[in-house]
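Comments concern the structure below.
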Amino acid sequence: MASNPKHRPAPKFGFDPRALKREFPIFERNPGLVFLDTAASAQKPNAVIDGIAEFYRNDYANVHRGVYYLSQRSTDRYEEGREAVRRFLNARDASEIVFVRGATEAINLVAYSWGTSQLKAGDEVVLSELEHHSNIVPWQLLRDRVGIKIAVAPIDATGGLDLAAFEQRLSERTKLVAITHVANVTGHIVPVETVIRLAHAKGAKVLLDGCQAVPRMPVDVRALDVDFYVFSGHKAYGPTGIGALYAKRAILDAMPPWQGGGDMILSVTFEKTTYQEPPHRFEAGTPDISGAVGLGQAIAYLEGIGRDAIREHEEVLTGYAVDGLSSLPGVTVIGAGQRRIGVASFTVEGIHPHDLATVLDSHKVAIRAGHHCAQPLMDRLGVPATARASFGIYNDEADVDALVKAVKAAQAMFAR
């Protein structure tokens, strides 16, 4: 890439990652940092940081409960965050958006409320080998509680979902397919349109884990006709402790509360409690008000950049990284099917991923090393761990070049 700012080429993707990087204060305070761990948690732009601070300075009060102006204003800001999520996912109505702490809580909510009330012993939930633990453990807990069965669809030789094997896993007993949209270990883009069509043909509902998808590509839950969609705010350049569950309104209407307390009730006596309509039925207690505001700010920030432009940037940069890493002798990039985005996991012969990450950190290159909360996939791949580089809107080819250079340096060090 050109290093002289007077002779830089026009941005390739509708935006310039180097210009965006200046909007993230973490990079100013950590000169030379090459941050390649966005799949774990994205850095935060000034728009989000300042937006949250501005809310606390000017508009903060508890929501939904006060008749005074400041409480009403705070409620408006909170609900504006919900409307931002609705628009972000193209849901039909804001009542289909439930605020949660993150995707993990969203999946647990569905498993506990919908699963306990709608599933019975012998019913099946189909997962895939690509799943994060957060989309495995809640269904195991439901299995132990209710007696459901869990079926697992395998990946194929390329690292993508084996669609033929997936279809074979479906039966009249299948009541839910819970699957990632973009795999957090490999970046594989699951062909979710086909998955949803096949599942619905069997009468099953579909839950998509969108944590790695929504920061990187447009998502339209109505066009997908998906039943549940979950994501975490912190992976989408928003604050921690906030996320969203989308579910079709008819499904939410049939789901009982999963936590009890304030704000999810209409009336309480010692004999009986009546509950709010969705989404408030599922938001017991004082919510993460500033988190919802910050998530709304993050969504506005991404929409201002353009989600199609972000998708193009992430796909091209990921391909550049795969090519660069694959050119190194002794480096194996984990397969990700026909399409991948945002993530490249790899191993280096003779170097444990944890050791590799430590050496790379000395070169100011931050990557993730480990099983990435996907131990069943590690078992399937036959490796205990991988190194994982993941990309964001603030990364460019120079960051990938720094990664490749640092891997070479690690290889030279361990070859001595």
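The values are calculated or read from the model by the stated rules, or taken from the named source; none is laboratory data. Only a predicted model underlies this, so the values are computations on that prediction, with no experimental measurement involved. So basically every Cβ, Gly included, is an ideal-geometry build from the backbone, and we count neighbours across all protein chains shown.
Of the residues making up the stretch 197-233, those that are crowded, with 24+ Cβ neighbours inside 10 Å, closer than 18 Å to residue 301 by Cα and touching a strand residue (DSSP E or B) at 6+ places or on another chain (Cβ under 8 Å) number 8.
Conditions tested, residue by residue: (1) within 22 Å of the chain's Cα centre (by Cα); (2) in the same structural domain as residue 216 (by TED's automatic domain parsing); (3) part of a helix (DSSP H, G or I); (4) without any contact (Cβ under 8 Å) to a residue 40 or more places away in the chain.
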residue: 313; (1), (2), (3), (4): yes, no, yes, no
residue: 319; (1), (2), (3), (4): yes, no, yes, yes
residue: 323; (1), (2), (3), (4): no, no, yes, yes
residue: 328; (1), (2), (3), (4): no, no, no, no
residue: 332; (1), (2), (3), (4): no, no, no, yes
residue: 335; (1), (2), (3), (4): yes, no, no, no
residue: 347; (1), (2), (3), (4): no, no, no, no
residue: 373; (1), (2), (3), (4): yes, no, no, no
residue: 398; (1), (2), (3), (4): no, no, yes, no
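Within the stretch 136-150, residues that are in the same structural domain as residue 171 (by TED's automatic domain parsing) and hydrophobic (A, V, I, L, M, F, W, C) sit with their Cβ atoms under 6 Å from residues that are at pLDDT 95 or above and assigned to a loop (DSSP other than H, G, I, E, B), at 6+ positions apart or across chains, in these pairs: 142/148; 146/119; 148/119; 148/123.
Right, residue 416: within 14 Å of residue 185 (Cα to Cα) and among the charged types (D, E, K, R) or not?
Values: within 14 Å of residue 185 (Cα to Cα): no; among the charged types (D, E, K, R): yes.
Taking the combined requirement at face value, the residue does not satisfy it.
Can we say residue 275 is of a type in the set (Ser, Thr, Tyr), in contact with a helix residue (DSSP H, G or I) (Cβ under 9 Å, 6 or more places away or on another chain) and surrounded by fewer than 20 Cβ atoms within 10 Å (Cβ to Cβ)? Give the steps one after another, and end with the answer.
Numbers: of a type in the set (Ser, Thr, Tyr): yes; in contact with a helix residue (DSSP H, G or I) (Cβ under 9 Å, 6 or more places away or on another chain): yes; surrounded by fewer than 20 Cβ atoms within 10 Å (Cβ to Cβ): yes.
Yes.
So if I check each of 330, 342, which one is within 22 Å of residue 27 (Cα to Cα) and either modelled with pLDDT of 95 or more or touching a Lys or Arg at 6+ places or on another chain (Cβ under 8 Å) (or both)? Break it down stepwise before answering.
Numbers: 330 fails: within 22 Å of residue 27 (Cα to Cα).
342 is the lone residue from the list that is within 22 Å of residue 27 (Cα to Cα) and either modelled with pLDDT of 95 or more or touching a Lys or Arg at 6+ places or on another chain (Cβ under 8 Å) (or both).
Considering the stretch 26-77 alone, what residues qualify as being hydrophobic (A, V, I, L, M, F, W, C) and farther than 30 Å from residue 321 by Cβ? Within the stretch 26-77, 52, 53, 55, 61, 63, 67, 70 qualify.
Residues that are in contact with a strand residue (DSSP E or B) (Cβ under 6 Å, 6 or more places away or on another chain) and basic (Lys, Arg) within the stretch 57-89 comprise 82, 86, listed in sequence order.
Criterion applied to 220, 253, 209, 263 was being closer than 26 Å to residue 322 by Cα, touching a residue at least 12 places away in the same chain (Cβ under 8 Å) and of a type in the set (Asp, Glu), and the one residue passing it is 209.
State whether the residues of the stretch 68-82 include one that is farther than 22 Å from residue 364 by Cβ, of a type outside the set (A, V, I, L, M), over 22 Å from the mean Cα position of the chain (by Cα) and not in a helix (DSSP H, G or I). Yes: one or more hits.
Specify which of the listed residues (349, 315, 303) is more than 29 Å from residue 44 (Cα to Cα), at pLDDT 95 or above and not hydrophobic (A, V, I, L, M, F, W, C).
Working: 315 fails: more than 29 Å from residue 44 (Cα to Cα); 303 fails: more than 29 Å from residue 44 (Cα to Cα).
Testing whether each residue is more than 29 Å from residue 44 (Cα to Cα), at pLDDT 95 or above and not hydrophobic (A, V, I, L, M, F, W, C) leaves just 349.
Per the conditions (1) free of Cβ contacts under 8 Å to residues at least 60 places away in the same chain; (2) surrounded by fewer than 22 Cβ atoms within 10 Å (Cβ to Cβ); (3) among the polar types (S, T, N, Q), the sole criterion not satisfied by residue 158 is (1). Is there a residue being touching a strand residue (DSSP E or B) at 6+ places or on another chain (Cβ under 6 Å) and farther than 27 Å from residue 119 by Cβ anywhere in the stretch 263-271? Yes, some residue in the stretch 263-271 is touching a strand residue (DSSP E or B) at 6+ places or on another chain (Cβ under 6 Å) and farther than 27 Å from residue 119 by Cβ.
Residue-level analysis places residue 54 among those that are at pLDDT 95 or above, more than 26 Å from the chain's Cα centre (by Cα), closer than 22 Å to residue 302 by Cβ and not small (Gly, Ala, Ser). Selection within the stretch 356-371: residues that are in contact (Cβ under 8 Å) with a residue 24 or more places away in the chain and in a loop (DSSP other than H, G, I, E, B). The member of this set that is nearest to residue 188 (Cα to Cα) is 367.
Residue 407 - would you say it is crowded, with 24+ Cβ neighbours inside 10 Å and not in a strand (DSSP E or B)? Taking the combined requirement at face value, the residue satisfies it.
So if I check each of 110, 126, which one is buried (at least 23 other Cβ atoms within 10 Å of the Cβ), part of a helix (DSSP H, G or I) and assigned by TED's automatic domain parsing to the domain that holds residue 290? Write out each step before concluding.
Details: 126 fails: part of a helix (DSSP H, G or I).
Result of the check over 110, 126: 110.
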